[in-house]
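Here's the structure we're looking at; comments come further down.
The values are calculated or read from the model by the stated rules, or taken from the named source; none is laboratory data. Keep in mind that this is a model prediction, so the values were computed, not measured. Backbone-built Cβ (ideal geometry, glycine too); neighbour counts: all protein chains shown.
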Amino acid sequence: MIELKNVSKTFTLHNQGSAVIEVISDVSFAVAPGECVALTGASGAGKSTLMRMIYGNYLTQAGEIRIGGLDIVRSEPRDIIKLRRDVLGYVSQFLRVVPRVPTLDVVAEPLRALGVPADEAQDRASALLTQLNIPERLWSLSPTTFSGGEQQRVNIARGFAHSYPAMLLDEPTASLDAANREVVLSLIEDAKARGAAIIGIFHDEAARTRVCDREIDVGRFTPGMAA
Amino acid sequence: MTPLLSVQGITKRYGPHIGCADVSFDLYPGEVMGIVGESGSGKSTLLNCMAGHLTPDAGQVVFDTRTDGPRDTITMSEPERRMLGRTDWAFVHQHARDGLRMGVSAGGNVGERLMAVGERHYGDIRDKATDWLGRVEIDASRVDDRPTTFSGGMQQRLQIARNLVTGPRLVFMDEPTGGLDVSVQARLLDLLRGLVRDMGLSAIIVTHDLAVVRLLADRLMVMKLGRVVEAGLTDQVLDDPQHAYSQLLVSSVLQV
Amino acid sequence: MTEYNFAYLDEQTKRMIRRAILKGLAIPGYQVPFASREMPMPYGWGTGGVQVSAAVLTPSDTFKVIDQGADDTTNAVSIRTFFQRTAGVATTTATSDATVIQTRHRIPEEPLHEGQILVYQVPIPEPLRFLEPRESETRKMHSLEEYGLMHVKLYEDIIRHGHIATSYAYPVKVEGRYVMDPSPIPKFDNPKLRDMAAIQLFGAGREQRIYALPPYTQVVSLDFEDHPFEASKADHPCGMCGATDSYLDELIIDDIGGRMFVCSDTDYCEVRQAAGHKGKDAA
C-alpha cells in the first residue's frame, strides 16, 4: 500500500549561506494493508521529516514514494490532494484549523470533503468525540481554545473520521491519559483490522509494541547519524 | 480531465517595466490556487489579466466554457467575455466598495446579476437574494438596507453573495480578507471554505497573507518581480520552500 | 426676418443635425451624439428640442409647442414665438392641424397621424445615468445590451414603495434592443410611444444627444412579471370637459383645500368642451 524506493531528501537553506543539509538518504521499505510500522530513532533522526515526505508535505528530491499506486514525488498537486482526501490520512501533533469553527464541524470536515451529507458526517463526528471523551458541551466551540490534550484528541477524531486505506500517525498517544490512550490504540487496531496500512511514530514503547508489526530505525538512513 | 482554466505565457509590461512575465499554469475544477508575493510582485496584474480587466501583451487564458468548450478569453469578443464575467466568473475585490453598488439595497446588489441574465420575476429575485444573504450570514431583515449601513465584514460578505448568486464556476479574489479585522477574517475564511466545498468552485486568490492561503488554497504560486519563482502544493511550499525568495517569505512571517 | 437664416440655425448646422436624426431613425432608440449649438435660451428650456425642430421645419409646416400639455405656458409661448420670428412658419394650438409638435413632458391625447413629427425636449437622455455615472461604461452597456441595471432601479422602487414608483421618464425597450429614456413624460403616456404613426424625435441640447423612433416602432415599458407596467393617472374625470381617458393636472383652487382635476392637454380639453362635453367644475 505504501512503498518507498531509494528516497532521499536535502534541505537547502538559501538564506543561510546556501547550506545544504542532507537529512534522509536512500530509504526503501514497504507497508502492506493491515500492517502497522513504527519509525524509530533518536530525536533529530528524521522520523517526522520522513513522515511529512510520505504525506507530500515535504518535497522529496530523489526516489519514489508510492501510495496506492500513486508516486507522490512526481504527482500534480491536485492528485496529492485527491489522495489525501480519499486514501491517505495524517494525524499530526498539531491541530491547525480555521478559528471559530465548531469542533463538531472540524471533525466532520474530512467526510464533508468526500461529499458525505452534513448530518451523516456529524453523526460520525459525534460518535468519535464521544468515544474520545470530549464533553458534548465543547462540541459547539472552536478547539483553538482547548487544552493540549483535548486538542490532541480532536485531532485524532478528525484523523479517524474517514476510514483511510493508508494512515500516518505522529505521536498519537502523546499527552493522553490511560483511558484515552486505550481508545486511540483500539482505533488503530480497528483500522488495521479493516486493512489500513499504517506508519506511526510512537515514543510510548508499550503502545508501539502493542500495535506495531515491525520497526524501522530511521537513524540508519540519516547521514552523519548512522555511525 | 480538461482544465477549467489554462493560462499560458501571460506577459504584461508597463512600458519598460514588467508587470508579470511568462506565467503559465492549469487550474482544474474544484481547485483553489493561491498567488502570494510582496507588493509589486505582479500578482494583481496577473489576476487582472486573467479576469479580463487588463489585456496582456502575450499569452492565452483558455477557459472551459459551458457551451463551446475551451476558448481563449483574451481573443474572444468583448460581449462574450463580459457575459462570462457575470455568469461563470466572479470577481471579489479587496475593497467591497469596488464590487458593490453602494446606493443600491443589499437585495438589489445580489439580484443584479440575476436580472442581468434575464430574470424578470421580482418575488423570485428577492427570494434568491434573501436566501443568499442567509448563506453569507447576513440577517434577512437587512435585505432592503444599503451596504453603506453595513460593517466592513458584512460588506465583504455581501460582495461574495452578489458574486456567487449566479453559480459561477471560477472566482477571482483579490486580497479578499485584506483590511478586515482578524476576527472578521476568520469568519470570512470559514465561509469561503464552505462555499468553495459545497459549490465545487474553483478559485484563484491573490493575497500577501500566508495564513489565508494555508487555510483556503490547495496550491500555491509564489511570485517575485513579475515571475513565478515556485509553485506547488500549498503546505509543501509553505513548510518546505525550495526557492530562496519563498524561504525568505515564509521565514519573515511573525509567529503568533 | 432677414437678420436670421431660416429657423435660426445655419444650413451646415441643420445638415449636421439632420444626419444625426437620420442615423437615430435608422437605429431606433440609439443615442446619436451631435454638436449641440448655443441657442438664445438657457439649457433646460428645450435647447435640444429647438435644434431638432429647427432642422426639420420647412416653410410650409405648421408648428405647435406644448409644455406639460399646455400651449399657453411661458416656455411654450416663447418657443412658438421664436420660430414665428425666425422661420415665419404658421403656428397652431390644434394638435390635428400641426405638422411639427415640440413637446416638453407630454404626448398629446389625440392620436397623431402619419406625416406629423413629435419633437421631445430631453434633459437627461441616458436612462442608466443615475445607476452608473460613467458615460464610458453606460455606452458599453448599451452596445453590449447589458441592461440588468435598469431592472435594479425598478427593483429598488418596489422595495421602497411596494410597487414600481417611477411615474415619469419610465424606461422603455425599443424594438427589443436599446433601452431608452422617453424624456420625462408621465408613464401614462408610455403606451402611446408604441406603434405611433408620427415620427418621434428626441433632442438633448446640454447632453448633445439625439435619438428617434420611426413610425410604428415597437416600444415596451420595462417591468417585472409579478409587477407589470401600469399606465396610471389620477382616478377622476376632467373637471372641465368630463373626459375620463386623459391625463389630469391637479389644481388647488382656494385656501381651504379645494381642488379640481383638469386635462393637462389644453387643446384636447378645449376641443371636447367646444363639442359640448361638460365636467362638474365647468362654469
(message) Given the criteria buried (at least 22 other Cβ atoms within 10 Å of the Cβ), within 14 Å of chain A (Cβ to nearest Cβ) and within 30 Å of residue B:67 (Cβ to Cβ), does residue B:199 qualify?
(response) no
(message) Given the condition within 14 Å of another protein chain (Cβ to nearest Cβ), part of a strand (DSSP E or B) and in contact with a Lys or Arg (Cβ under 9 Å, 6 or more places away or on another chain), answer yes or no: does some residue in region A:23-30 qualify?
(response) yes
(message) Checking residue B:187 against (1) part of a helix (DSSP H, G or I); (2) more than 20 Å from residue B:30 (Cβ to Cβ); (3) more than 10 Å from every other protein chain (Cβ to nearest Cβ), only one condition comes out false. Which one?
(response) (3)
(request) Select from region B:217-246 the residues that are closer than 23 Å to residue A:55 by Cβ, among the aliphatic types (A, V, I, L, M), surrounded by 23 or more Cβ atoms within 10 Å (Cβ to Cβ) and within 19 Å of the chain's Cα centre (by Cα) and list them in ascending order. (result) B:217, B:220, B:221, B:222, B:233
(request) Residue by residue through region B:56-73, note down the ones that are touching a residue at least 40 places away in the same chain (Cβ under 8 Å) and of a type in the set (S, T, N, Q). (result) B:60
(request) Of all residues in region B:92-112, count the ones that are at the interface with chain C (Cβ under 7 Å from one of its Cβ atoms) and not in a loop (DSSP other than H, G, I, E, B). (result) 4
(message) For region A:55-71, which positions are more than 9 Å from every other protein chain (Cβ to nearest Cβ) and polar (S, T, N, Q)?
(response) A:60, A:61
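One line per residue, one yes/no per condition, for (1) surrounded by 19 or more Cβ atoms within 10 Å (Cβ to Cβ); (2) among the charged types (D, E, K, R); (3) within 13 Å of residue C:46 (Cα to Cα):
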| position | (1), (2), (3) |
| --- | --- |
| C:60 | no, no, no |
| C:69 | yes, no, no |
| C:80 | yes, yes, yes |
| C:94 | no, no, no |
| C:135 | no, yes, no |
| C:139 | no, yes, no |
(message) Out of the residues in region C:96-133 meeting the condition of being away from every other protein chain (no Cβ under 13 Å) and among the basic types (Lys, Arg), tell me which one is surrounded by the fewest Cβ atoms within 10 Å (Cβ to Cβ).
(response) C:106
(request) Could you list, in sequence order, all residues of region B:164-184 that are in contact with a helix residue (DSSP H, G or I) (Cβ under 7 Å, 6 or more places away or on another chain) and part of a helix (DSSP H, G or I)? (result) B:164, B:184
(message) Anything in region A:134-180 that is under 20 Å from the mean Cα position of the chain (by Cα), part of a helix (DSSP H, G or I) and hydrophobic (A, V, I, L, M, F, W, C)? List them, or say none.
(response) A:154, A:156, A:157, A:160
(message) Can you name every one of the strands (runs of 3 or more DSSP E) wholly within region C:35-129 that holds 3 or more residues which are within 14 Å of the chain's Cα centre (by Cα) and within 22 Å of residue C:15 (Cβ to Cβ)?
(response) C:117-121
(request) Give me the pairs, please: first residue somewhere in region B:204-220 and closer than 13 Å to residue B:37 by Cα, second residue anywhere and basic (Lys, Arg), beta-carbon distance under 7 Å, and either six or more positions apart or on two chains. (result) B:206/B:43
(request) Name every residue in region B:74-91 that is more than 10 Å from chain C (Cβ to nearest Cβ) and assigned to a loop (DSSP other than H, G, I, E, B), in order of residue number. (result) B:74, B:75, B:76, B:87, B:88
(message) Condition first: under 23 Å from residue C:268 (Cβ atoms) and either touching a helix residue (DSSP H, G or I) at 6+ places or on another chain (Cβ under 6 Å) or surrounded by 22 or more Cβ atoms within 10 Å (Cβ to Cβ) (or both). Now tell me which residues in region C:200-238 satisfy that.
(response) C:200, C:201, C:202, C:213, C:219, C:221, C:231, C:233, C:238
(message) Going by what's in this entry, would residue A:65 be described as hydrophobic (A, V, I, L, M, F, W, C), assigned to a strand (DSSP E or B) and surrounded by 20 or more Cβ atoms within 10 Å (Cβ to Cβ)?
(response) yes
(request) Inspect all residues belonging to region A:137-150 and state whether any of them is closer than 23 Å to residue B:194 by Cα, of a type outside the set (A, V, I, L, M, F, W, C), out of contact with any helix residue (DSSP H, G or I) (no Cβ under 7 Å at 6 or more places or on another chain) and free of Cβ contacts under 8 Å to residues at least 12 places away in the same chain. (result) yes
(message) If I ask for residues that are of a type in the set (A, V, I, L, M) and at the interface with another protein chain (Cβ under 8 Å from one of its Cβ atoms), which ones from region C:134-149 would you list?
(response) C:144, C:149
(request) Scan region A:45-62 residue by residue and report those that are part of a loop (DSSP other than H, G, I, E, B) and closer than 19 Å to residue B:242 by Cβ. (result) A:46, A:56, A:57, A:58, A:59, A:60, A:61
(request) Could you please find all residues in region A:124-153 being surrounded by 14 or more Cβ atoms within 10 Å (Cβ to Cβ) and either basic (Lys, Arg) or more than 19 Å from residue A:181 (Cα to Cα) (or both)? (result) A:124, A:138, A:139, A:141, A:142, A:143, A:144, A:153
(request) Within region B:223-243, identify whether any single residue is modelled with pLDDT under 85 and not hydroxyl-bearing (Ser, Thr, Tyr), and answer yes or no. (result) no
